[in-house]
1. Among the residues of the stretch 76-119, write down those that are within 18 Å of K432 (Cβ to Cβ), of a type in the set (A, V, I, L, M) and open to solvent by 10 Å² or more (accessible area, probe 1.4 Å).
2. Can you find a residue in the stretch 326-342 that is at positive phi, in contact with an Asp or Glu (Cβ under 8 Å, 6 or more places away or on another chain) and not basic (K, R)?
3. Hey, among the residues in the stretch 261-279 that are in contact with a helix residue (DSSP H, G or I) (Cβ under 8 Å, 6 or more places away or on another chain) and free of Cβ contacts under 8 Å to residues at least 60 places away in the same chain, which one's nearest to P314 (Cα to Cα)?
4. Within the stretch 32-51, which residues are of a type outside the set (A, V, I, L, M, F, W, C) and either surrounded by fewer than 12 Cβ atoms within 10 Å (Cβ to Cβ) or more than 29 Å from the chain's Cα centre (by Cα) (or both)?
5. If you take the residues of the stretch 242-259 that are in contact with a helix residue (DSSP H, G or I) (Cβ under 8 Å, 6 or more places away or on another chain) and under 15 Å from C180 (Cβ atoms), which of them is surrounded by the fewest Cβ atoms within 10 Å (Cβ to Cβ)?
6. What's the number of the only condition in (1) open to solvent by less than 10 Å² (accessible area, probe 1.4 Å); (2) more than 23 Å from the chain's Cα centre (by Cα); (3) in contact (Cβ under 8 Å) with a residue 24 or more places away in the chain that G20 fails to meet?
7. When the residues of the stretch 1-15 are narrowed to those that are of a type outside the set (A, V, I, L, M) and not in a strand (DSSP E or B), which ends up least open to solvent (accessible area, probe 1.4 Å)?
8. Does the stretch 431-438 contain any residue that is at pLDDT 95 or above and under 27 Å from F280 (Cα atoms)?
Amino acid sequence: MKKTLIKNAKIVTDGVTKQGDVYIEGDTIIEIAESISAKNADTVIIDIEGNYLLPGVIDDQVHFREPGLTHKATIATESAAAVAGGITTFMEMPNTNPQTTTIEEWESKMAIAQRDSHANYAFMFGGTNDNLKEILKVDTSRVPALKLFLGSSTGNMLVDDKEVLREIFSNVKLRIALHCEDEATITANFKKAFEKYGDDIPMDQHPVIRDEDACYISSSGAIELARETGARIHVFHLSTGKETALFSNKQAIVDKQITSEVCIHHLWFSDEDYATKGKFIKWNPAVKTAADREQLWEALLDDRIDVIATDHAPHTLEEKSNPYTSCPSGGPLVQHALPAMLQFVHDEKITMEKVVEKMCHNPALLFDIEKRGYIRVGYKADLVVVDTNNPWTVTKENVLAKCGWSPFEGVTFKSRIMQTFVNGELAYKNFKVSKNKNAQELSFVR
């Protein structure tokens, strides 16, 4: 069994940062102490010289496009980009081709990940207007959540039958992850924009088409239904200040029936950036105003928002070059999410401990993940070494996502991911992803 000793670390976990060493045997953390000596001659000693040691990031929302959309991305390419960004675990969405709405298709994805993934993996099961019987067959120890699209997006898995939605909320015990946008509002807004501009709608009209009302009508309605039915829901990618009032910080995350997340792009960009970034920041839900962004930050910091995720959703440059009506929404984010949040740490917008809480601890708690998300004895050795004073600039040449571009191109981050360990094995070091894969399927304690 491989033995690894990480020395001289600033260990960030459980709300504190402390100096110490971490000893690993195989895939498990065995000892954490102020100073640990090598147990025997074959122990691999890694001195990280006072750099930070974080738990591996758990990203609860990615689109890795396999099967069926592999010209954009694959589980292999995007999980490689993920470990380069300090993300050791991902939960992937069901809007692939075919959609992950049957047990057979879910098992097919699991087989691909078992063979190809660089990061630990789980796949959400997709709900439709007619697959409740299949949903109820899901093994809840292996599936993190049910995913429902209450607004159309890539892959169009829209659930728009209100009686079906009520039946799902009433019968499904899994947490239900939601994309909340009101389709009728979007359709009406789009019609007005199309009448004015035709196909070539300016990108800055995206948050006008997918506006605050579209988000709030859908998310508030879902929360009302959850309260009526007792469903446990997790509202993905909040984008408006108005929505933050729907969520509470009165309970610990493990006791919350209704939870929420915010994504990197909604914390970083605002509608002012459409002038320079245009199609590269076209996401669903849309990037909104600077005032919305500030209210999202307030809710994140006071714990009304529970999780930070990426919604990594790559498209090719060719696809992104299309006019508005045929330009798909989404972009690659897994490689740059943690560096972006560490930039906010530098700017004193958020603490390192809070970043770890929102990106590592809370996803593990929210989805009942077994022994991940913390640096603790007995937990899996998913770890990230961060140098907070080692600037680097995002360029096309160092983007690892298959699509080959990033909305962060040209940005210089002050912090660098130096090493990433997945289950005790070195998965990434200094811009190089290991060819050896040591990923594991997630298990959920329920």
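1. A76, A80
2. Yes, the conditions are met somewhere in the stretch 326-342.
3. H266
4. Listed by number, the residues that qualify are E34, S35, S37, K39, N40, D42, T43, D47, E49, G50.
5. Across the stretch 242-259, the extreme among qualifying residues is K242.
6. (3)
7. Only one residue fits best here, namely G15.
8. Checked against the condition, which is being at pLDDT 95 or above and under 27 Å from F280 (Cα atoms), the stretch 431-438 yields at least one hit.
The values are calculated or read from the model by the stated rules, or taken from the named source; none is laboratory data. Bear in mind that the values here come from a model prediction, so they are computed numbers and not experimental data. Backbone-built Cβ (ideal geometry, glycine too); neighbour counts: all protein chains shown. Heavy atoms of the whole protein, side chains included, go into the accessibility calculation; ligands, DNA and RNA do not. Shrake-Rupley method; radii C 1.70, N 1.55, O 1.52, S 1.80 Å.
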